[in-house]
Amino acid sequence: MAEQPAGCDEDSVDVSVIIPVRNCRDYLDRSLTSALVQRVKKEIVVVDDGSTDGSADLLELYSHYHRGVVRVIHKKHALGAGGPRNTGLEHARGRYVFFCDADDYLGPEALERMVAMADRNGSDIVLGKIIGHGRRAPVSMFQRSVDRADLGESAVYNSLSCFKLYRREMLDRHRVRFAEGQLIGEDIVFSVHAYCHAEVISIVADYDCYHLVARPDGSSIMQQPASRDPLGWLSMISKPIELMAAHVEAGPLRDHLLRRHFRLDIFAQLGAPFLAADDMRRKEIAHEVAALCDRWLTPGVEDRLTTTDRKRLAALDDLDRLVRLAGIEAATVRRRLTGLRWEGDRLIVEGEAALEGPQRHGGLALVLRSRQEEGGELVMPADPVGESGFTATIHPGELSSGVWDFHVAVECEGVIRLARLGGERDGGITRPAPRLVGTVIALPYFTRTNGNLSLDVGGHVLTVPGSVRLTRTRWTLGHRLILDGEITVGGGGIPEAGAVRRLVWRERHTGRERAERVVALPGGVFAARPAIGRFAPGTWDAYLELELGGPPARFRIEADAGMVAEPRSWWRGPVRSSARPYATAGKGRLSAVVRKLTPMAILRRLLGGSSC
């Protein structure tokens, strides 16, 4: 959509982008530009919160050059971003509003995709995927795009920042506003209230919509140590919990939402912040956590707690135990991959793992987590070797199709610490070759970014290696080309006959495809009789398609030039047809050129030749 002209009325604005600004001069250009390039009908409402670093002058410049799009509101400095955001919301005219901080920025297609999602589903809130740059970004709710996410079944409530698309009518009708006069948590109050009234919540997870940026100088409010003061946070979080409870009756939904607050807001203060506190503050923190537990912890919430949080709950009157639990949680998991090899159809994984520090672990295990199945996890027993070594055996044929990431689990005092395995490994370890295990291809590999160990069962992210080679070709009746060949997969594996699906011919220029029946025999042998005489004119490349436990795997059919049958031509009525199978230069892959000449085409060719 084109940018709207100046003087556009309210109905013509799709999104009001609201940006509070307080001394962000160095970041404003990127943030404002990212909003201006959005391909929706928009307005950008910038609220200058008493900036003193030249931000106000730059904003006036943008307002001058983008009249009718950028509107600047100046106000006296207030504590926190809640007041400026509320001011921007009161001046907004769009059907939707999006809140963007001045040091962050939007992906070029963010609002276009989020508005499309909202319009398609009648969404009141749309969560767009957030990417962190030096700051931690939420991930649990962005596993896949969802048209209608269930508040009680999904992880959307884990994200209580305001960096989302909201239907303005819903916010105004229920007077959903930010808390004012507080440095932290003002957006939690807003988000909790909005979730309580949203009838449709959607997720855009297949595009990086919002970029959350850490300032190099650490001057952002959320980067300052005071923003995560544990006592301040526990005091602040009481208000949004009470607000949520006022709108959601007691029961499974409220317990699901309370679980988020206990896990991320309350018991989290018994982790690193607890370790950093002195004895007096530790007593105060434990006391405040206990008070919140007395007020809000129901049996339904307790059933949803992690093992670590249950142990913290039981130790609220034992500060030494709380310190030990916090130390275990904060300790680095030292791990190293020392061996990786195939033994028949089993993948043998060897390594070392232990918690750094005085803690002694009570057990080790290998944990495989599926990327495709939400919550898909397998715990593989590990045999101990020495003080911190282990050996585990993986049977890929027993895993469901998909990508499995390898973690090592270290248990200490009942607390399980999990860490990815493979990034640290002995120098001689290389990626084992892919292997055909029964009817499934298994491809171990190390991830590109961090070098961690994963296993692709079925060929979802890796190309399946294999070879399909012709052993004989010949013509038969009906202008059919008989093809005999043999198949190997994954370094010499012979696929079962049932794995061979079909022969596929793909026209090189149009992408059109023709599927032909293929007969597979034991021992990796196949035969096909494609009716090339019926193909449309063009250049057709031959593939054999196999089912190996994942997406269909296609292999170009290889052929020696001397193995390919001679060209053939024939007449069908007044039309002269020809088919020339051949092996491509270089890699020697089977293709066929099919031509059909009508009498008119033959005449034009003859006349063209005589004029030369």
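The values are calculated or read from the model by the stated rules, or taken from the named source; none is laboratory data. Everything numeric in this text was worked out from a predicted model, so none of it was measured. Glycine gets a Cβ as well: all are built from the backbone with ideal geometry, and neighbour counts include every protein chain shown. Remember, those area values only see protein heavy atoms, side chains included, never the ligands or the DNA or RNA. Shrake-Rupley method; radii C 1.70, N 1.55, O 1.52, S 1.80 Å.
Observations on the structure shown:
- Computed in the context of the full set of protein chains, the accessible area of the chain at 1.4 Å probe radius has 49% of its extent on carbon or sulfur.
- For region 322-431, the relative contact order comes to 32 percent (Cα pairs under 8 Å, sequence separation of at least 6).
- Degrees between helix 110-121 axis and first principal axis of the chain (Cα, 0 to 90, nearest 10): 90 degrees
- 3J(HN,Hα) along region 40-50: 9, 6, 9, 9, 10, 9, 9, 10, 7, 8, x Hz, from the Karplus curve 6.51 cos²θ - 1.76 cosθ + 1.60 with θ = phi - 60°, whole Hz, x for Gly and Pro.
- With Cα atoms, 0 to 90° folded angle of helix 230-247 axis to the chain main axis: 80 degrees
- Whole-Å distance, taken between Cα centres, linking region 266-343 and region 130-182: 26 Å
- Each Lys and Arg adds +1 at its Cβ and each Asp and Glu adds -1 at its Cβ; summed about the Cα centre, the chain shows a dipole of about 3700 debye.
- 3J(HN,Hα) from dihedral phi, region 190-199, Karplus parametrisation 6.51/-1.76/1.60, rounded to Hz, x for glycine, proline: 4, 5, 4, 4, 5, 4, 5, 10, 6, 8
- Between 0 and 90 degrees, the angle of helix 55-65 with respect to the longest Cα principal axis of the chain falls at about 50 degrees.
- Derived scalar couplings between HN and Hα for region 582-588 equal 7, 9, 5, 5, x, 7, x Hz in order, rounded to whole Hz, by the Karplus curve 6.51 cos²θ - 1.76 cosθ + 1.60 (θ = phi - 60°), x for Gly and Pro.
- Using a cut-off of 30 Å between Cα atoms, the listed pairs 41/75; 164/311; 42/75; 76/239; 76/164 include 164/311 as exceeding that distance.
- Taking amide H as placed 1.01 Å from N in the peptide plane, the amide H of residue 215 sits under 5 Å from that of 220, each at least 5 places away or on another chain.
- Reducing region 516-537 and region 427-465 to their Cα centroids gives an inter-centroid distance of 30 Å.
- Close amide-amide hydrogen proximity is noted between residue 471 and 484, 485, 486, each under 5 Å apart and 5 or more residues distant or on a separate chain (H modeled in the peptide plane; Pro and chain starts excluded).
- Proximity of backbone amide H atoms, modeled 1.01 Å from N, is registered between residue 412 and 362, 417 at under 5 Å, excluding neighbours fewer than 5 places apart on the same chain.
- Percent of beta bridges antiparallel (DSSP, the chain, rounded to nearest 5): 80 percent
- Of the listed residues 91, 261, 197, the order by accessible area with a 1.4 Å probe, largest first, is 91, 197, 261.
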